[in-house]
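Participant: Before I ask anything, here is the structure I am working with.
The values are calculated or read from the model by the stated rules, or taken from the named source; none is laboratory data. As the structure is a computational prediction, the values presented were derived from the model and not from experiment. Backbone-built Cβ (ideal geometry, glycine too); neighbour counts: all protein chains shown.
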Amino acid sequence: MKINKFTFLLAFIVLAAFTLEKAIPALNLNGMNKSANPADDFYDYANGTWLKNNPVPESESRWGSFNEIVEQNNVLLSQILQEAAKNKTAKPSSAIDKVGKFYRVFMDTSKRETQGISPVLPYLKQIDAISSKEQLIQTIAKFHKIGIRCLFGSYVSQDIKNSSKYIVYMGQGGIGLPDRDYYLKNDPKTLKIKKAYFDYISNAFKIFGVGNIIDTTNSHIESVIGIETELASSSMSRVERRDTEKQYNKFKKEEVFGKYSNMLISNYYAAIPELKFSDVIVSQPLFFDKVCQLTDKYNMEQWKLYLKWCFINSSMSYLNSECEKLRFDFYSTTLSGVKTQKPTWKRAIDATNATVGELLGQLFVEKAFSQNSKQRVNVILDNISEAFKGRLQKLDWMSGETKVKALEKLAGFTRKLGYPDKWKDYSKLNITEGSYFENHINENIFSYNEMIDKMGKAVDRTEWGMLPQTVNAYYNPQNNEIVFPAAIMQPPFFNAYADEAVNYGSIGAVIGHEFLHGFDDQGSKYGPDGNLKSWWTEEDRKKFEVKTKMLVNQFNSYIVIDSLHVNGELTLGENIADLGGLTMAYEALKMYLKNNPSANKIIDGYTPEQRFFIGFAQVWKNNSRPEAARQLILTDPHSPPQFRVFGTLSNMNQFYEIWGVKEGNTMYRKPEERATIW
């Protein structure tokens, strides 16, 4: 699961509390559909009644076990925020002070209505004042500093071939739709979305008074969409971007300045004098070749319209209700099928996480983190690591030479559990009583400066890429680390009241999943030191690719909605991690049962092995709106939840044995068609 350099379990964020006083059942027996045949549809068997009784609420695009946790835990987060907002004696610039101040300003919706679009107008005047290509590229640099996404991206991150150092990256960007395919496809549903996007731009421009003079033919909107379409046409697809090696194009700064002189890239970096660098990695060279062509193809007025749209679109959610709802109607309703906005207090939680997340995280763990859960999860992690080691040693398709390297990488894994040992320093972040928009810009400046300041310094491997109040987990290949925030150590992932069979099927599958990301089709290209380099023999890599191709073909065959199939290539890394992770968790459970014979008992009519598989499937219960399902198929590297269950289990011989799957059952795959990799 790759998002930037990190590997995540899920695509959405949920918050959690550990202060629940009553025991939570290990399995949701009432949510099962026991009339279904588990050998035909185990997802329905484990979740069918719940799926029938839990339609997607109007304020959501999908609804599952994670959303249920959100609902119960939003109460705790809201309580923390309200207490912070009322605290008048907090030390200035303390976590309580900044969190409370931010929350107060966000909740003052009357002030946002009074301010209207006024916070944005000075920036639009800056765009109006542009009179040359030099000023255009310098303005883009200034806007990047304040978090406005336009034309392309430039950032500082670890060098993937020298993970001990930071380097400057340049990458594609500059489009307003979720993916390049929205611009390039012309099927009826995509055309409908493109028409809605046109209307969205038109309505937003009217609010801000853009194009009122030149606008009788809508040429101002066509200019924006024309530029975005050309940027999209030269962008790498999401599948292409899974090839990390292809995107590692390292140049000297002077080479880049010469190569892309027509877009005045040297002027861009001249506007960021605090960034001192000598090398640049250009992730998508063809994209920047296109940008160089476009700088002459479109005139200055068209570029200014495009830049205004980038700024307006990036700002709509931080202004008054008219702007906020207009953006919601397109991005949430049209694209994801969401009917109504969440109430203000819930949006306040999301906004606080996005702005002062680790400050809120400090307050969260003080109230809600269980050290006992951390210790027990650590034991499960140890056992899965040992199970993985044993399986690696027994692989019949991998040579001894590559096994040595694989075991070295596994031994080099580091783990982070709970929350950072060192919290982020927010002392330079200015949270004001002025406006929500101003605080949003201030946070963007703070984050940008924090990123730029890394250049030339040693890589800080103590940093976290996720908040402790997030129910999620990730693998970072450049640090060769697995990270489990505090909030994932609670039901349904980890249940202190559950038998270990269920915990191994849920949190154990998550742990195994993150381990396996170090050995999926992308993570396996990184060495134990976090550098992108080959440690495989050529023959072993070919065998691995033959095995993974089986997964690609399998998932390509799954139809999600209408004629839309799962993209087996886009989801390959996640599918490898699901299959391998659950396999490791099952091996670890068998080790646990062997060492703890008393745990080998029937509960609720199910053996430990059966409870393991039910626990896994129930984590993925989920209903989605058709619009959301369609968007995720195009953009998400994860398979839809039902296929994460169906596809994974139909490859596991252990599942066939435990649930009596025979030829003729829907879950059955011929032995030679079952993917067995790790």
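Participant: Of the residues that sit in region 149-168 and are among the aliphatic types (A, V, I, L, M) and assigned to a loop (DSSP other than H, G, I, E, B), which one is surrounded by the most Cβ atoms within 10 Å (Cβ to Cβ)?
Facilitator: Here is the first cut: in region 149-168, the residues among the aliphatic types (A, V, I, L, M) are 151, 156, 160, 167-168.
Checking which are assigned to a loop (DSSP other than H, G, I, E, B) leaves us with 151, 160.
Working: L151: 25, I160: 23.
Taking the candidates together, the pick is L151.
Participant: Quick check on region 37-48: of everything there that is assigned to a helix (DSSP H, G or I) and surrounded by 20 or more Cβ atoms within 10 Å (Cβ to Cβ), which residue is farthest from the chain's Cα centre (by Cα)? Spell out the reasoning first.
Facilitator: Narrowing region 37-48 to residues assigned to a helix (DSSP H, G or I): 42-48.
After this cut, where a residue has to be surrounded by 20 or more Cβ atoms within 10 Å (Cβ to Cβ) as well, the list is 42-47.
Values: F42: 27, Y43: 24, D44: 27, Y45: 29, A46: 26, N47: 25 Å.
Ranking the candidates gives Y45 first.
Participant: Being among the hydroxyl-bearing types (S, T, Y), part of a helix (DSSP H, G or I) and under 30 Å from S598 (Cβ atoms), is that true of even one residue in region 419-439? Talk me through it step by step, then tell me what you get.
Facilitator: Looking only at region 419-439, we keep the residues that are among the hydroxyl-bearing types (S, T, Y), and these are 419, 426-427, 432, 435-436.
Checking which are part of a helix (DSSP H, G or I) leaves us with 436.
Those left that are additionally under 30 Å from S598 (Cβ atoms): none.
No: region 419-439 contains no residue that is among the hydroxyl-bearing types (S, T, Y), part of a helix (DSSP H, G or I) and under 30 Å from S598 (Cβ atoms).
Participant: Just one of (1) touching a Lys or Arg at 6+ places or on another chain (Cβ under 7 Å); (2) farther than 30 Å from K457 by Cβ trips up I221, so point out which.
Facilitator: Unmet for I221, out of (1) touching a Lys or Arg at 6+ places or on another chain (Cβ under 7 Å); (2) farther than 30 Å from K457 by Cβ: (1).
Participant: Now, a different point. Could you list all residues from region 95-113 that are more than 19 Å from A368 (Cβ to Cβ) and either among the hydrophobic types (A, V, I, L, M, F, W, C) or surrounded by fewer than 19 Cβ atoms within 10 Å (Cβ to Cβ) (or both)?
Facilitator: Correct list: D97, F102, R104, V105, F106, M107, D108, T109, S110, K111, E113.
Participant: A further question follows. Tell me, please, whether a residue that is aliphatic (A, V, I, L, M), surrounded by 24 or more Cβ atoms within 10 Å (Cβ to Cβ), over 17 Å from E574 (Cα atoms) and over 19 Å from the mean Cα position of the chain (by Cα) can be found in region 500-513.
Facilitator: Taking region 500-513 first, the residues aliphatic (A, V, I, L, M) are 501-502, 507, 509-511.
This time we only want the ones that are surrounded by 24 or more Cβ atoms within 10 Å (Cβ to Cβ), so: 501-502, 507, 509-511.
Filter again for over 17 Å from E574 (Cα atoms), leaving 501-502.
Filter once more, keeping what is over 19 Å from the mean Cα position of the chain (by Cα): 501-502.
Yes, there is a match, as at least one residue in region 500-513 is aliphatic (A, V, I, L, M), surrounded by 24 or more Cβ atoms within 10 Å (Cβ to Cβ), over 17 Å from E574 (Cα atoms) and over 19 Å from the mean Cα position of the chain (by Cα).
Participant: Let me ask something else about it. For the structure I just gave you, tell me whether Y558 is more than 23 Å from G412 (Cβ to Cβ), at pLDDT below 95 and surrounded by fewer than 22 Cβ atoms within 10 Å (Cβ to Cβ). Before the answer, list the steps.
Facilitator: On the way: more than 23 Å from G412 (Cβ to Cβ): yes; at pLDDT below 95: no; surrounded by fewer than 22 Cβ atoms within 10 Å (Cβ to Cβ): yes.
No.
Participant: I would also like to ask the following. Answer yes if at least one residue in region 663-671 is more than 30 Å from P178 (Cα to Cα) and in contact with a Lys or Arg (Cβ under 9 Å, 6 or more places away or on another chain), and no otherwise.
Facilitator: Within region 663-671, the subset more than 30 Å from P178 (Cα to Cα) is 663-671.
Subsequent filtering for residues that are in contact with a Lys or Arg (Cβ under 9 Å, 6 or more places away or on another chain) retains 663, 668.
For region 663-671, residues more than 30 Å from P178 (Cα to Cα) and in contact with a Lys or Arg (Cβ under 9 Å, 6 or more places away or on another chain): present.
Participant: Now for a different question. Can you pull out every residue in region 124-144 that is buried (at least 20 other Cβ atoms within 10 Å of the Cβ) and not aliphatic (A, V, I, L, M)? It would help to see each step written out before you state the result.
Facilitator: Restricting attention to region 124-144, the residues satisfying the condition of being buried (at least 20 other Cβ atoms within 10 Å of the Cβ) are 127, 136-137, 139-140, 143-144.
Within region 124-144, T139, F143, H144 meet the criteria.
Participant: To continue, here is another question. Condition first: outside any helix (DSSP H, G or I) and touching a Cys at 6+ places or on another chain (Cβ under 7 Å). Now tell me which residues in region 254-292 satisfy that. Please lay out each step first, then the result.
Facilitator: Here is the first cut: in region 254-292, the residues outside any helix (DSSP H, G or I) are 260, 264, 271-284.
Selection gives Y260 alone.
Participant: Which one of these does K91 not meet: (1) of a type in the set (K, R); (2) in the same structural domain as K308 (by TED's automatic domain parsing); (3) over 24 Å from the mean Cα position of the chain (by Cα)?
Facilitator: Among (1) of a type in the set (K, R); (2) in the same structural domain as K308 (by TED's automatic domain parsing); (3) over 24 Å from the mean Cα position of the chain (by Cα), K91 violates only (2).
Participant: Just checking: which of the helices (runs of 4 or more DSSP H) contained wholly in region 60-148 hold 2 or more residues that are under 30 Å from Q302 (Cβ atoms) and either β-branched (V, I, T) or touching a Ser or Thr at 6+ places or on another chain (Cβ under 6 Å) (or both)? Write out each step before concluding.
Facilitator: On the way: elements: 65-86, 95-107, 109-115, 121-128, 133-145.
In region 60-148, 133-145 are the helices (runs of 4 or more DSSP H) which contain 2 or more residues that are under 30 Å from Q302 (Cβ atoms) and either β-branched (V, I, T) or touching a Ser or Thr at 6+ places or on another chain (Cβ under 6 Å) (or both).
Participant: Only residues in region 294-318 that are free of Cβ contacts under 8 Å to residues at least 12 places away in the same chain count as the first member; pair them with residues that are of a type outside the set (A, V, I, L, M, F, W, C), Cβ under 6 angstrom, at least 6 apart or cross-chain, and list the lot.
Facilitator: What qualifies is S317/E324; S317/R327.
Participant: What number of residues within region 658-678 are in contact (Cβ under 8 Å) with a residue 12 or more places away in the chain and at positive phi?
Facilitator: Qualifying residue count for the region: 1.
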